[in-house]
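Structure record follows, encoded as structure tokens.
The values are calculated or read from the model by the stated rules, or taken from the named source; none is laboratory data. Every value quoted in this text rests on a predicted model; they were computed, and no experiment measured them. Reconstructed Cβ throughout: ideal geometry from the backbone, glycine too, with neighbour counts over all protein chains shown.
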Amino acid sequence: MVPPHERRRFLMATPTRGEQRRTPTGPARLTPTPAETPRVVVALHEGFHGTTSGSGFSNRAFLTALTRLLPPDRLSVITPDVPNAAHDRRWTAEVQCMMRNSGAEVVTLPEHRTQPDSLNGAIRLSASASEAAARIAARADRCLVVGLDTPLLGLEAPTGADLLLVPRSTAALAHPEDITRIRWERAALRTATSRGGKVGAISAAMRGHLVSRYEVPPAAVVALPNGLIRRELTRPRELPPLPFRARPGFLLAMGRAVPTKGFDDLLDALHLLKEGGVRTPHLLLAAVTSETRRGLTPYQEDLASRIDAYGLDATLLTRFSPAIRAWLHSPALRAVVVPSREEPFGRIPLEAFAAGAGPVVATAAGGLAQTVLEGETGFTAAPRNPRSLAVALHRALTVLPRERERLRATGAALVRSRYDYENGIAALLAKLAPWALAPSEVRP
């Protein structure tokens, strides 16, 4: 039997204006929250019920780190509801269990018809999350409000609370043609920083982008380098079966099905190698969208057409599955390819290093230049340049076994030494909100 002083509660905020209280097994029981309790409030739009992108993995890792760093009953999480069809049931159950074990409070906002990816959806989500954060802060003596990713850049901290916004990308990087969205993001960041809020930079490249493109005051930018947590360094118990044609050996590329990921550049590079008489392993290309969408997106259709037109030995995967990342541990993997045109950080190389996969081939776009170092941890190419990518791929596929092992070892050492995400979060909290940490975690 667990002693009473070690029990942790799964707290659910009192619902107002449509907020819902849920637990994995049914309606939640309300548990009084002690007055004058400091709170760290995290609002996120992806990563609680599942994900199709690296942002969702990073958001979940952020929550996981906080459950380890904060004392029980000090964390509050605000997340929008999503349609049942969009739930990754296993993912959701694991996150809910983690929240319950840490005594976290979870506020579920009502499902909006507009998507957070749209400007109207981001505005509504930010407003709803701000209202929920204000109610939580009203019963806390100290409060840090954290908004994870761009749909929550409009998040406002209640009077007396501190604010930290962590954009994992921006419209200027992902959708440079969307001038209206860019203006909203810039105005939101200007408002937040003018009121004393801080903006977390997930990489040196992102810091430069926020200062130059979004005019964020340098003094308002704090370092919060992305990375991996311990659970992401472990090998999965079982590897899902590979598609038949990939079993003799394969290349792996994965990410959201958007042009900035550069998957069309990768197909063009493979076509160039084929035309030059170079045989390459089967390509597993996971250019994915959420489960709620039916049919292929225009970009996915373009990728499928290129594969057919070039006669490439490739499998196009269009729906996300955790199995895709598990294949980083497959002994049949010959190389991991990250052909991004823009990349604020880039988790995939770190995941590959941690899995002992490689070589890693990546462009030098944004944050990728910090992790994939030419000849040290992988092979690099110029962004938007299929010919440069073809040369890097050929080098990776012809590298000697001893050199391959050296690249893998250097990459693994880089993850351990510089990209411990929990340590980075702890260091930032020690500066912004030392009162929130457990006594043993407060750092000078």
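Quick rundown of the values:
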quantity: Total residues in region 254-269, condition of a type in the set (D, E, K, R), in a helix (DSSP H, G or I) and within 22 Å of Thr51 (Cβ to Cβ); calculated: 1
quantity: Residue within region 98-110 that is assigned to a helix (DSSP H, G or I), in contact with a Cys (Cβ under 6 Å, 6 or more places away or on another chain) and in contact (Cβ under 8 Å) with a residue 40 or more places away in the chain present; calculated: no
quantity: Of all residues making up region 288-316, the number that are aliphatic (A, V, I, L, M) and modelled with pLDDT under 95; calculated: 2
quantity: Lone qualifier among Gly424, Gly411, Gly346 - being buried (at least 17 other Cβ atoms within 10 Å of the Cβ) and not in a helix (DSSP H, G or I); calculated: Gly346
quantity: Per-region count, region 369-402, residues among the hydroxyl-bearing types (Ser, Thr, Tyr) and either free of Cβ contacts under 8 Å to residues at least 12 places away in the same chain or assigned to a helix (DSSP H, G or I) (or both); calculated: 3
quantity: Those residues of region 277-307 which are in contact (Cβ under 8 Å) with a residue 60 or more places away in the chain, over 21 Å from Leu333 (Cα atoms) and outside any strand (DSSP E or B), in sequence order; calculated: Ser290, Glu291, Thr292
quantity: Evaluation of Met206 against (1) surrounded by fewer than 23 Cβ atoms within 10 Å (Cβ to Cβ); (2) outside any strand (DSSP E or B); (3) at negative phi (one fails), failing number; calculated: (1)
quantity: Odd one out for Val145, checked against (1) in a helix (DSSP H, G or I); (2) touching a helix residue (DSSP H, G or I) at 6+ places or on another chain (Cβ under 8 Å); calculated: (1)
